[in-house]
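Read the structure below first, then the notes.
The values are calculated or read from the model by the stated rules, or taken from the named source; none is laboratory data. As the structure is a computational prediction, the values presented were derived from the model and not from experiment. No Cβ is skipped: glycine too gets one built from the backbone with ideal geometry, and neighbour counts run over all protein chains shown. Surface accessibility is based on the protein's heavy atoms, side chains included, excluding ligands, DNA and RNA. Shrake-Rupley method; radii C 1.70, N 1.55, O 1.52, S 1.80 Å.
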Amino acid sequence: MQLTGTLIRRVHWPLMERLKQNRTRQYLHELREAQQLSPQALRKRQADKLRRLLDHAVRRVPAYSEYASDWEAADDDPIRFLERLPVLSKARFRASFDQFLSNDADPSRLIANRTGGSTGEPTRFYLSRPAVERYEAARWLGLSWHGIRIGDPSVMVWGSPLELNQQQARRYRLKERWLKNRLMIPAYDLDERRLDEHLQLIRRFRPVYLYGYASALHLLAEMMLARGASPGVKLKAVVSTAETLHDYQRQAIAKAFQAPVVNEYGARDGGIIAYQCPVGRMHAFSENCVLEVVDPASGRPLPPGERGTLLVTDLHNTVMPRLRYQLGDVIALSSDTCTCGISYPLLAAIDGREDDMFVTAHGTYVHGHYFNHIMRNLDSFRTFQIIQHRPDQVTLKLVKEPDRYDPADEARLLEAVRDKLGEVSIEVCHVDRIPPSASGKTRYAIRECPLTGLLRE
Ligand SMILES: [Zn+2]
């Protein structure tokens with residue numbers, strides 16, 4: 001694995017740069033230089049990039065052409081101008097998808113992508129190669145904060161691409177193994193009976209780090225802890241991504257793998273947004289994007305420390321710019337400076353998806369975490385899923401812990417649900433397992449009715 005890593009660094013990457021003009025390492029270098037700058041210098045660079053993006057968007061992108069004269073007349077900070085533009089919800093973006101394509105984009109160079117759709121309708125979008133390479137560079141910079149280099153061996157706990165035929169799947173595995181130095185443990189069929197097989201794979205391959213969904217890493221960790229199994233290799237980090245990483249998950253993962261747990265914050269349709277530093281804080285890559293947090297009801301910008309709806313503006317995706325894109329997450333910015341020496345701005349909190357918020361009949365919000373917290377204190381259940389069909393109607397799926405099930409716990413649970421959501425009708429189903437969605441993610445709290453008042457069309 002060491003040799004593969006060296007070959008990837010010394011041969012594969014230089015070749016990709018020469019033959020395919022891949023610029024990931026150049027962008028990585030730029031990001032690394034920028035992390036030493038003063039916060040003021042970073043803000044200026046971000047404003048300059050945004051100015052170039054706005055210049056391009058109003059001239060080349062039909063969805064933004066109506067702002068051309070305003071933008072030309074505006075003489076203020078581009079960040080202030082951005083704040084006056086409307087929020088771009090996923091629904092609005094999907095409805096006028098074609099209008100967001102830049103009229104100078106070369107169709108043969110567009111990189112098509114889409115969200116998984118595990119939390120609603122899939123959203124299609126196009127990326128430019130530089131945008132994708134800048135996300136990659138951000139990930140490598142974040143990993144480098146933990147001593148991980150390009151080409152270091154890793155094991156991914158991940159949902160394999162399901163749509164591949166046999167030959168494509170084989171090619172995918174070879175590419176993963178020899179060009180990325182990665183092996184895969186499938187996240188969607190993690191099974192206690194295969195734990196030894198998974199651990200053997202880790203011990204033989206000797207990865208420097210693991211990378212996977214928070215819920216899948218947590219499940220693997222719980223299986224190991226239940227059996228008293230150790231990873232058998234020294235890991236620099238276990239990197240959790242794609243889902244909110246809860247504290248109890250972080251603790252179990254750290255204990256089982258005897259390694260620091262590092263949170264990566266990104267989204268298929270938002271890129272790599274922030275990374276945890278060695279001190280444990282989340283730094284946002286202000287070189288790649290502008291982040292705003294607004295009040296979900298009024299759309300008013302919120303000050304650092306206050307939680308609200310995240311809006312992301314990618315600074316490099318000129319083929320299909322999305323300005324103030326409502327990613328669907330609830331976060332808080334921070335004005336603190338980190339002691340780690342990295343200047344990238346901090347996030348104060350990442351609460352997870354707006355989709356995980358529940359709404360009461362009175363129109364107040366309850367975060368899905370609340371149900372998680374209650375369940376953590378009840379020994380009767382192994383896992384659960386709560387689905388809100390309407391503000392006054394929920395289904396609670398419960399997987400019992402066979403030897404420890406106590407009906408009094410169930411009564412306490414129903415009481416706690418009613419305590420937050422009010423007088424709701426609760427249908428309780430006892431099930432054997434909660435199947436993850438096709439992407440491999442398991443969702444504990446699902447709301448099917450709209451959150452009234454939020455910025456949705
Ligand atoms: Zn830091």
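Considering the range 291-310 alone, what residues qualify as being within 16 Å of the chain's Cα centre (by Cα) and open to solvent by less than 10 Å² (accessible area, probe 1.4 Å)? Even if it seems obvious, please write down each step before you answer.
At the first step, the residues of the range 291-310 found to be within 16 Å of the chain's Cα centre (by Cα) are 291, 309-310.
Selection gives T309, L310.
Residues that are in a loop (DSSP other than H, G, I, E, B) and within 30 Å of R109 (Cβ to Cβ) within the range 296-315 comprise just one, L315. Within the range 254-276, the set of residues being over 14 Å from K236 (Cβ atoms) and over 16 Å from the mean Cα position of the chain (by Cα) comprises K255, A256. Residues in the range 339-366 that are free of Cβ contacts under 8 Å to residues at least 60 places away in the same chain and either away from the ligand (no atom under 16 Å from the Cβ) or of a type in the set (D, E) (or both): how many? Total satisfying the criteria: 2.
Regarding I273, is this residue within 16 Å of the ligand (Cβ to nearest atom), touching a helix residue (DSSP H, G or I) at 6+ places or on another chain (Cβ under 9 Å) and modelled with pLDDT of 95 or more?
Details: within 16 Å of the ligand (Cβ to nearest atom): yes; touching a helix residue (DSSP H, G or I) at 6+ places or on another chain (Cβ under 9 Å): yes; modelled with pLDDT of 95 or more: yes.
Criteria met by I273.
Screening A138 with (1) within 16 Å of the ligand (Cβ to nearest atom); (2) closer than 30 Å to R203 by Cβ gives one miss only, at (2).
In summary, P278 fulfils each of the numbered conditions (1) more than 16 Å from the ligand (Cβ to nearest atom); (2) open to solvent by 20 Å² or more (accessible area, probe 1.4 Å); (3) within 29 Å of A41 (Cβ to Cβ) with the single exception of condition (1).
Residues that are at pLDDT 95 or above number at least 3 in the following strands (runs of 3 or more DSSP E) confined to the range 176-265: 209-213, 237-241.
When the range 229-260 is limited to residues that are over 12 Å from L199 (Cβ atoms) and among the small types (G, A, S), the one that is surrounded by the fewest Cβ atoms within 10 Å (Cβ to Cβ) turns out to be A254. The C-beta contact set for the range 9-29 (first residue touching a residue at least 60 places away in the same chain (Cβ under 8 Å) and surrounded by 13 or more Cβ atoms within 10 Å (Cβ to Cβ), second residue assigned to a helix (DSSP H, G or I) and among the charged types (D, E, K, R), distance under 7 angstrom, 6+ apart or interchain) comprises W13/R25; N22/E133; R23/E133; T24/E133; T24/E136; R25/E17; Y27/E133; Y27/R134. When E287 is tested against (1) farther than 30 Å from Q40 by Cβ; (2) assigned to a loop (DSSP other than H, G, I, E, B); (3) of a type in the set (D, E, K, R), exactly one condition is not met: (1). For the range 324-431, the strands (runs of 3 or more DSSP E) that sit wholly inside it and include 1 or more residues that are modelled with pLDDT under 90 and touching a Pro at 6+ places or on another chain (Cβ under 6 Å) are 357-359. For the range 182-213, which positions are surrounded by fewer than 22 Cβ atoms within 10 Å (Cβ to Cβ) and in contact (Cβ under 8 Å) with a residue 40 or more places away in the chain? Of everything in the range 182-213, those that are surrounded by fewer than 22 Cβ atoms within 10 Å (Cβ to Cβ) and in contact (Cβ under 8 Å) with a residue 40 or more places away in the chain turn out to be P186, Y188, L201, I202, F205, R206. Flag: T318 does not match the condition of being away from the ligand (no atom under 16 Å from the Cβ), over 26 Å from V279 (Cβ atoms) and outside any loop (DSSP other than H, G, I, E, B).
Given the structure, is Y27 hydroxyl-bearing (S, T, Y), in contact with a Pro (Cβ under 9 Å, 6 or more places away or on another chain), modelled with pLDDT of 95 or more and over 24 Å from E136 (Cα atoms)? Explain how you work it out, then say what you get.
On the way: hydroxyl-bearing (S, T, Y): yes; in contact with a Pro (Cβ under 9 Å, 6 or more places away or on another chain): yes; modelled with pLDDT of 95 or more: yes; over 24 Å from E136 (Cα atoms): no.
Judged against the criteria, Y27 is not a match.
So in the range 131-147, with the set limited to residues that are more than 15 Å from T241 (Cα to Cα) and either at pLDDT below 95 or touching a Gly at 6+ places or on another chain (Cβ under 9 Å) (or both), which one is least open to solvent (accessible area, probe 1.4 Å)? Residue satisfying both the conditions and the ranking: A131.
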